[in-house]
Amino acid sequence: MNTAQHVPVLIAGGGMVGLSAALLLEYHSVPYVLVERRSAMSVLPRSRGVHTRSAEIFRQIGALPRLEQVAATALVKGHFGGAWQGSALTDAQPLDLSRVVAAMAAGDPSPSNFLFLPQVLLEPVLADLARDRGGDLRFGVELTEFHDDGDSVAATLRDADGASTTLRADYLIAADGAGSTVRRALGIGGWELPPTQHLINVFARTDLTGILRGQSFSQCEINGERVRGLVLSKNNTDEWSFHIEYDPDAETLADYPVSRCVELIREMVGVPELEVELLARSAWDTGVFVADDYRRGRVFLVGDAAHRHAPWGGFNGNTGIADAHNLIWKLAAVRSGAAGPALLDSYVAERRPRALVAAEQARLGTDFRTRYGIETPYNAADLAARLDGGDVMGRYRYSSTAVSDAPAPLHVDDLKGQNGTRVPHLWIDAAETASTLDLCGPGFALLVAGTSAAWRDAAAQAERDTGTDLAVHALPQAEWSARTEVPSGGALLVRPDMHVAARSDTGLTPATLTETLRAITGRGAKADVAEDAPMQSAV
C-alpha cells in the first residue's frame, strides 16, 4: 500500500455540492483532493434550478458567467415555469400561478438571478472549472476507510483497478449523498419522516413539441387510470423526466424494465404510438432525513449527506451549496490561524436549522396545488404555514457564536443588514455591474456608510492583532443608510460568506473591532478540534 501526501482537505463525493465545495476551497486558497466512486457523472436530471442565493455564491467565486452560458442553452424552446394537471399530457390544463409569480416578483434585490440549469448540465461545468483552476479531482476512486486521530484524518482510497492508497488530510468533508457511508460509519442518526410517495425517475428522449403546440411547463401532474406521476421539463422539446408512482411493498425498480417504462410514458403523454428512447432510470422517495449533527471531530457533513427531502421547491441541493459556503471559509480561517477551532462549532448551529426549514417547506408541497400556492377546500392550514422561496433560501438569519449580538428570529421581512443576515445588495457603480455583495470575501469586509477614516485605522490594527484579512469600503452614505438603517459613519462587519457578523448600532465601533473579530472567529478560544475523541471508521 502506497502512502499519498498530506492535503488540507479531502472531499468525499463529486456531485454538485462536493464540486461546489472544491471551488470554494480553491477560492480560499486551500488545497484539496476530491474523490468520487463513480467514474462518470449521472445522466439523470435531478435538481433543475440554481436558486438566486446559489447564483450569488457562484458569482462570488467567479463561476457564474460560465454557468449562465450553459443555462442559456438548457432550453431549446419555451421558458422555465408553469404547472399543468390532467389524466394525460394531451388533456392537461395549466394552473393559475399568479400567487407564485407575485412572490417571485417581490424577491429581494440581488445582482444575480435564478438559473434553469439541470444538475446533469451543472455538474460537468463545475468539474471543468475546478480542474481548470488546478483542483485534484479523482473520479472512479472510492473512500473505503478513514481514521480521525485528533490531529488529522487518515483515509484509505481504492481506485477502479482495486489498488489502495492512503491519504492524510486535516479535514474530511462528506458530500457522499443521501446514503452517505461516511455518516453511517460515524453513527450519526437524524430526524426522519416517512415517504409520502415512491417514484421511478425515467429520463427519456421523446419529441413532445407537437403535443405541446408551443406551450411549456415545469411540472405536469398526471392522474390517469393506469398511471400516476409527474412529467418534468428538461429541454422543453425532446428530453423529459417521467416520475412514475409505484408501491414499494409490491414492486421494485426491477419491475420497471424498458418495455414497461415506455408503455407507461405513452400512457402519461396520451399517445399510444409515441416514439420513446429511455436514457436512464432510478427509484427515489420523498422521505425526510436531517442529521442530528453535521460534525464528528475533523469530519463534516454537507448536502445530501446531512439532509434530504422531497425536491418540491428545489431547496435541497441549493441548501447543500450554502452548507459548503458556510463551512469552507471557516475551515480556511482556522487553517490560516485567523480563527480558533471553536469557530467550526458554529457550522451545525447555523446550517442545521436551515435544513429543517427547507425539509418542512418541501413537505408542505406534497399536494400539487398546495405546491403552487393554489387554494383548495382542504389546504388552508398548509398554505398558511408555507414560506415563499425567498424566505427559505434568502431572508433568514444565523444565530451562533459567529454572529455578534446573535438574534433569535430565524427570518426577517426584508434584508436590511440585520446581524446574521445576508448583506443587502446595492449597485455601487453607474453601470450597475458591481454590487455590495462583490465586496465580500475571501476575507471579512467593513461596509461603511460615508467616511471611513476611523474604520480604516481600526481595521489595520485589527488585522495586525488577529491575522484576519479585513477590507474597508466606503459606500454612499445616504443610499447605504437607507438600505441598512445604519447611521452616517456606521458600518456593517460582513463575514466571507456575505452574512453580517456585527453592526455599529449593536455594539460595533472602531474601538471594539478587534475584540468583536476575536469573539466571532473564536480566536484564542480554549476548545480545540484536536480534543475531540478520535474516530475510526470503515465506510
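Quick notes on this structure:
- Portion, in percent, of the accessible area of the chain that falls on carbon or sulfur, probe 1.4 Å: 49 percent
- Comparing Thr370, Ser336, Ser346 along the charge dipole axis of region 317-371, the residue lying farthest to the positive side is Thr370, per the Cβ-charge model.
- Between 0 and 90°, nearest 10: helix 315-336 axis offset from the chain longest Cα axis: 30 degrees
- Within-15-Å neighbourhood charge of Leu95 [Cβ basis; K, R +1; D, E -1]: -2
- For region 458-507 versus region 154-186, the gap between their alpha-carbon centres in whole angstrom: 40 Å
- Helix axis angle, 258-269 relative to the chain longest principal axis, alpha carbon, degrees: 90 degrees
- Other residues whose C-beta falls under 13 angstrom from the C-beta of Gly13 contribute a net charge of -2, scoring Lys and Arg +1 and Asp and Glu -1.
- Probing with 1.4 Å while keeping every protein chain in the model, the per residue accessible area of region 142-222 equals 38 Å².
- Around Ser233: net Lys/Arg minus Asp/Glu count, Cβ-Cβ under 14 Å: +1
- Relative counts (whole %) of C-alpha pair distances in the chain, using bins that are 10 Å wide: 4, 18, 27, 26, 17, 7, 2, 0
- Centre-to-centre, using Cα atoms only, region 315-354 and region 221-241 are separated by 38 Å.
- DSSP beta bridges confined to the chain are antiparallel in about 70 percent of cases.
- Dipole magnitude of region 89-199, debye to nearest 20 (Cβ charges: Lys/Arg +1, Asp/Glu -1, about Cα centre): 180 debye
- Per-residue ellipticity at 222 nm from helix content only, as computed over the chain with -39500 (n - 2.57) for each DSSP H run of at least four residues, stands at -8500 deg cm²/dmol.
- Across the protein chains, with a 1.4 Å probe defining accessible surface, the residues Trp191, Trp240 rank Trp191, Trp240 from largest area downward.
- Span from the region 373-417 Cα centroid across to the region 36-81 one, whole angstrom: 25 Å
- Size of charge dipole - region 287-353 - debye, nearest 20, with Cβ of Lys, Arg +1 and Asp, Glu -1, no other charges: 180 debye
The values are calculated or read from the model by the stated rules, or taken from the named source; none is laboratory data. Computed from a prediction, not measured in an experiment: that's the story for all the values here. Heads up, the Cβs are rebuilt from the backbone with ideal geometry, glycines too, and the neighbour counts pull from every protein chain shown. Only protein heavy atoms, including side chains, enter the accessible area calculation; ligands, DNA and RNA are left aside. Shrake-Rupley method; radii C 1.70, N 1.55, O 1.52, S 1.80 Å.
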